[in-house]
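Here is the structure we will look at.
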Amino acid sequence: MNLGPAAARAAWQSYWTAMRYYHRFEVRGLENVERSGPAMIVGYHGRGVAHDMIMLASLLYERSGAETRAVIHQKVVELPVLGWLPQGLGYVPGDGPELEAVFARGESLMVTPAGPIEGCRSFRERYKVNWGNRLGYLKMALKYRLPIIPTAGTGVDDTYIGLNNGYEWGKRFDASSIAKLIRWPGGFPLWFAFGATGPWPMTLPFPVKIVCHVGKPIDLEAEGPVDPSDRKALMRLHERVTGTVQKLLDEGRGKRTS
């Protein structure tokens, strides 16, 4: 479904305002994200949809008119059921002139480095950061000299009950003879899950309370310049960011952290 920009924005804001009430949405650490200048808001991806991050963007827009963009794969925008969601958020397909314009306007960017790897997992694996060695977000933040604002949502892995590892199943299906026979475009997770009213994605999520925990901004070059081609330096920063996000998850869920 392809809406015009104004209609997509209005539908997006109305839907996510309703979802904030549905999930009794709460933000802890809002002062960390209500700041001047662009930033990269980086977070854990809960089940199916990054509910906490999108509701945070909706809240920021409601409070101050601040626009928060998102890097979303073009294939998501093309989905017949979910495509209008990124349209309303004002997605950008990746690095390029559109992204440069976002930061030139002083807007912030939301990124979930793991995407469907975290979002389309089985119910057996919950609230565990799994970004692997995905370092693209750090290279982008360094390129545009953006602070990173870590976020993590509690309740987000209870919105849907996943039955399989959709990311891995999707990769296997892409390589299958059936996919070749039907000329499947590939790149989609093959996730089986259900929510409050039926199977994913034609279902409401379970009405669990969601709390978005926002950490303090991380200055990637606080200890000096970082060469984006220095993999060891990037891995140190990556471990710091992922560790911070995991700590937000654990503390938000009442688990002890060392």
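The values are calculated or read from the model by the stated rules, or taken from the named source; none is laboratory data. Quick caveat: nothing in here was measured; it's all calculated off a predicted structure. Cβ sites come from the backbone with ideal geometry, for glycine too, and all protein chains shown count toward neighbours.
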query: Within the stretch 35-52, can you find the residues that are within 18 Å of the chain's Cα centre (by Cα) and part of a loop (DSSP other than H, G, I, E, B)?
result: 38, 39, 44, 45, 46, 47, 48, 49, 50
- prompt: In the stretch 26-40, what residues are in contact with a strand residue (DSSP E or B) (Cβ under 6 Å, 6 or more places away or on another chain) and of a type outside the set (S, T, N, Q)?
  reply: 26, 27, 28, 29, 33, 38, 39, 40
- prompt: Looking only at the stretch 119-160, which residues are of a type in the set (A, V, I, L, M) and either free of Cβ contacts under 8 Å to residues at least 60 places away in the same chain or over 23 Å from residue 252 (Cβ atoms) (or both)?
  reply: 135, 138, 140, 141, 142, 146
task: Mind counting the residues in the stretch 173-201 that are in contact (Cβ under 8 Å) with a residue 12 or more places away in the chain and either of a type in the set (Gly, Ala, Ser) or over 12 Å from residue 123 (Cβ atoms) (or both)?
output: 12
- line: Of the residues in the stretch 163-172, those that are more than 12 Å from residue 116 (Cα to Cα) and either of a type in the set (D, E, K, R) or in contact (Cβ under 8 Å) with a residue 60 or more places away in the chain (or both) number 1
query: When residue 124 is evaluated against the numbered criteria (1) in contact with a Gly (Cβ under 7 Å, 6 or more places away or on another chain); (2) part of a loop (DSSP other than H, G, I, E, B); (3) charged (D, E, K, R), which criterion, by number, is the only one it fails?
result: (1)
Helices (runs of 4 or more DSSP H) fully within the stretch 148-258 counting 1 or more residues that are at pLDDT below 95 and β-branched (Val, Ile, Thr): 177-181
field: Condition met for residue 128 (surrounded by fewer than 19 Cβ atoms within 10 Å (Cβ to Cβ), within 18 Å of residue 38 (Cβ to Cβ) and at pLDDT 95 or above)
entry: no
query: From the list 8, 70, which one is closer than 23 Å to residue 203 by Cα and among the aliphatic types (A, V, I, L, M)?
result: 8
- prompt: Checking residue 243 against (1) over 20 Å from the mean Cα position of the chain (by Cα); (2) small (Gly, Ala, Ser); (3) closer than 16 Å to residue 148 by Cβ, which test does it fail?
  reply: (1)
field: residue 206 being surrounded by fewer than 18 Cβ atoms within 10 Å (Cβ to Cβ), touching a Leu at 6+ places or on another chain (Cβ under 7 Å) and either closer than 26 Å to residue 50 by Cα or polar (S, T, N, Q) (or both)
entry: no
